[in-house]
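The values are calculated or read from the model by the stated rules, or taken from the named source; none is laboratory data. In this text the structure is predicted, and so the values were computed from the model without any measurement. When we count neighbours, we look across all protein chains shown, and the Cβ atoms used for this are built from the backbone with ideal geometry, even at glycine. Areas reflect the complete protein model, heavy atoms only, side chains present, ligands, DNA and RNA absent. Shrake-Rupley method; radii C 1.70, N 1.55, O 1.52, S 1.80 Å.
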Amino acid sequence: MPNWTTVTEFLLLGFSDTRELQILHFVIFLAAYLAALVGNLLVITVVTTDHHLHSPMYYFLVNLSILDLGSISVIGPKSMANSLLNTRTISYAGCVSQVFLLFLFCSADLAILTIMAYDRYVAICKPLHYEIIMNRRDCVWMAACAWASGGIYSALHTGNTFSLPFCQRNIINQFFCEIPQLLKLSCSDTYHRELAALALSVFLALGCFVFIVVSYVQIFTAVWRIPSEQGRQKAFSTCIPHLIVVSLFLSTSSIAYMKPISEFPSPLDLLAAVLYSVVPPLMNPVIYSMRNKEIQAALKQLLHWLILSKTNMPIFVS
């Protein structure tokens, strides 16, 4: 019989034991976190304040930005605090919350990206029926389903993982609570659980991927039939950012979760985790802003209004 004991906290992997490198890690993560925070909040503010952007595509983009903010906030602050305070601990409840919220935001993120592909398909392939199909009620319902499915999927994964006994081992070879690393700490035979969790994840991710690919095959077929060059460019300008974001999300997640789990952590393991947990929330607002003229125009208008409101601020002389 294994010696089962109650684990009250876990020890996370630090980026370095050298104090100077810990401070450097804190500064780099702080800069990335603030950039993601500002970028996604700007997208949310611009879309919600500009009535020209009150359309289904931008409604889902706001949901995507909220999910990106959530995913990076689950990991970033705790990792920065550990580096700054020279500690590695995370409570059992904190680890459970981190796993649940990270899976919630990431799985809902993929669902929203799939819905956005469907939105582009309807807009380009069925433009005359767009307002009927993508009406306000259905858009809210689809977004709610994305969040709900993410919550259910996350609850299943979290419950499946933390129902296992962890014996006396509590060292996680990652800078946040990651399910593959947690399964390694279990005393029981986790093979069937790992296989079931992996099969479910692959099934859902592959289903979304196939749906997105089929949608874009039909989208590009329809775009090439557009007679005007300007019409094709406009269609591509709304599709390319979404395709880049989908590719970034799926490629970084695949690198992190499809690689074999090594007994001893390496810099590549940390790099893979950073790629899928930090890079997408940081880059998504940049990708959409660079390729989308409507967002650029709305952002310029917002900045112009902010500058004017400050310059026109009344000065009171006592």
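State, as an integer percentage, the relative contact order of the chain based on alpha-carbon contacts under 8 Å between residues 6 or more apart. Reported as a whole number, the value is 27 percent. Across the options ILE115, HIS25, HIS52, the greatest Cα extent toward the positive end of the charge dipole of the chain (unit charges at beta carbon of Lys, Arg, Asp, Glu) belongs to HIS52. Computed over the chain with a Gaussian network model linking Cα atoms closer than 10 Å, the most mobile of ASN173, ASN86, ASN40 is ASN86.
Running a GNM on the chain with Cα contacts under 10 Å, which residue among ALA155, ALA273, ALA196 ends up with the highest mean-square fluctuation? Comparing ALA155, ALA273, ALA196 in the GNM, the peak value goes to ALA196.
Dividing the helix sum by the residues of the chain, where each DSSP H run of 4 or more adds -39500 (n - 2.57), gives a mean residue ellipticity at 222 nm of -26000 deg cm²/dmol. Computed from Cα positions, the angle between helix 279-291 and the longest principal axis of the chain comes to roughly 10 degrees.
Globularity index of segment 1-68 is 1.87 (Cα radius of gyration / 2.2 N^0.38 Å, N = number of residues).
Any idea of the accessible area per residue across the chain, 1.4 Å probe, to the nearest Å²? Spell out each step's value before the answer.
Details: 17100 Å² over 318 residues.
With all protein chains present, the chain gives 54 Å² per residue.
Legend note: in the chain, cysteines whose Cβ sits 4.7 Å or more from every other cysteine Cβ are CYS106, CYS125, CYS139, CYS145, CYS208, CYS239. Between 0 and 90 degrees, the angle of helix 267-277 with respect to the longest Cα principal axis of the chain falls at about 40 degrees. For the pair GLN218/SER237, report the inter-label distance in nm, with labels modelled 7 Å from Cα in the Cβ direction. Each label point is offset 7 Å from its Cα along the Cβ direction, giving 2.6 nm. Kindly express, to the nearest 10 degrees and within the range 0 to 90, the angle between helix 136-162's C-alpha long axis and the longest C-alpha principal axis of the chain. Around 10 degrees separate the two axes.
Between LYS126 and HIS54, the modelled labels are 2.5 nm apart [label points 7 Å from Cα along Cα→Cβ].
Tell me the Kirkwood hydrodynamic radius of the chain in angstroms, computed as one over the mean inverse distance between distinct C-alpha pairs.
Numbers: mean 1/r = 0.0463 Å⁻¹.
Computed over the chain, the radius equals 21.6 Å.
Normalised by the number of residues in segment 1-122, the average gap of Cα pairs under 8 Å and 6 or more apart makes the relative contact order 38 percent.
Computed over the chain with a Gaussian network model linking Cα atoms closer than 10 Å, the most mobile of SER71, SER215, SER277 is SER215.
If you roll a 1.4 angstrom probe over the protein chains with everything in place, what fraction of the accessible area of the chain belongs to carbon and sulfur, to the nearest %?
That fraction is 70 percent.
If you count Lys pairs in the chain whose Cα atoms are under 28 Å apart, skipping same-chain pairs closer than 8 places in sequence, the total is 9.
Among the protein heavy atoms, those of THR8 account for about 100 Å² of accessible surface (1.4 Å probe, every chain in place). Between ASN86 and ALA297, the FRET efficiency from the beta-carbon distance, with R0 = 35 Å, is close to 0.15. Dipole check for segment 90-212: with +1 at the C-beta of Lys and Arg, -1 at the C-beta of Asp and Glu, and the Cα centre as origin, the magnitude is about 40 Debye.
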